[in-house]
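The next block holds one structure in the form of structure tokens; read it before the comments.
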């Protein structure tokens, strides 16, 4: 169902701006362009297509990779009770972040099982001390955690944003998924990056098994999608139909540019309103 203007806070405060220029947050005015991606994700989640257990979303800058990942994560959170989702940025210490988040999301009994395992924490300590020289230690730690997920019939879906290089941490993570379960385990990995990253991942000598994984290109928004969204947010006396049609064409389908233009228009209208009120 299309949103109406009443669903968005009116122009009375910059904090109510439904648009954002910050890549870290999903905007309130997000335009979904990821139904195909979600379909592929669900095919992997339900084992209809094992190749979709690893998905790589690619596109050029400004086309909404981060927002797409965030929206896919939110849809899984909303629709599945037996799925745990984790969102990490490839620039951070992804192995520690994933392990910590995965452990925290386990049922209390499973956490106790891990806490009672001296082997688990001993191996994890070795892994964190020398993770790149002894990747098997980290893989053993990941296996212990994933065993608990399998025991509880829970699937773990890891979203990795902005992969730019094939790092040792990525090799360990993908390698753990392959080595431990041969892609039959409870972990899915959904990553995003520029078009070049898909080739980098699949041609890396340690990750050749990713040739069986799927890659999807995120397409641009249509002029109609952009125009309809602007009309649902701005009143006609704020942004005319003619202006909306011209802007929708000029934006050329780029999600980030759609956000930037909307953000500036909102703030411009807010400033105009303030100037008008100051006259009285």
**Per-selection Rg to Rh, segment 220-280 - Cα, Kirkwood hydrodynamic radius** = 1.05
**Message:** Test of understanding: ordering 215, 91 by Cβ neighbours within 10 Å, fewest first, what list do you get?
**Reply:** 91, 215
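Multiplying the sequence separation of residue 199 and residue 246 by 0.36 nm and subtracting their Cα-Cα distance, what value in nm do you get?
Taking 0.36 nm per residue and subtracting the Cα distance, the gain is 13.2 nm.
May I ask you to compute the full-extension gain from residue 167 to residue 39, defined as 0.36 nm times their residue separation minus their alpha-carbon distance, rounded to one decimal in nm?
Between residue 167 and residue 39, full extension yields an extra 43.2 nm.
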**Message:** Please arrange 100, 37 by how many other C-beta atoms lie within 10 Å of their C-beta, fewest to most.
**Reply:** 100, 37
**Message:** Using Cβ counts within 10 Å as a stand-in for footprinting exposure, how do 162, 169, 242 rank, fewest first?
**Reply:** 242, 162, 169
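Readers should treat all values here as calculations from the given coordinates under stated rules, not as data from a laboratory. It should be emphasised that the depicted structure is a prediction, and the values quoted were computed from it without experimental measurement. We place every Cβ from the backbone using ideal geometry, glycine too, and count neighbours over all the protein chains shown.
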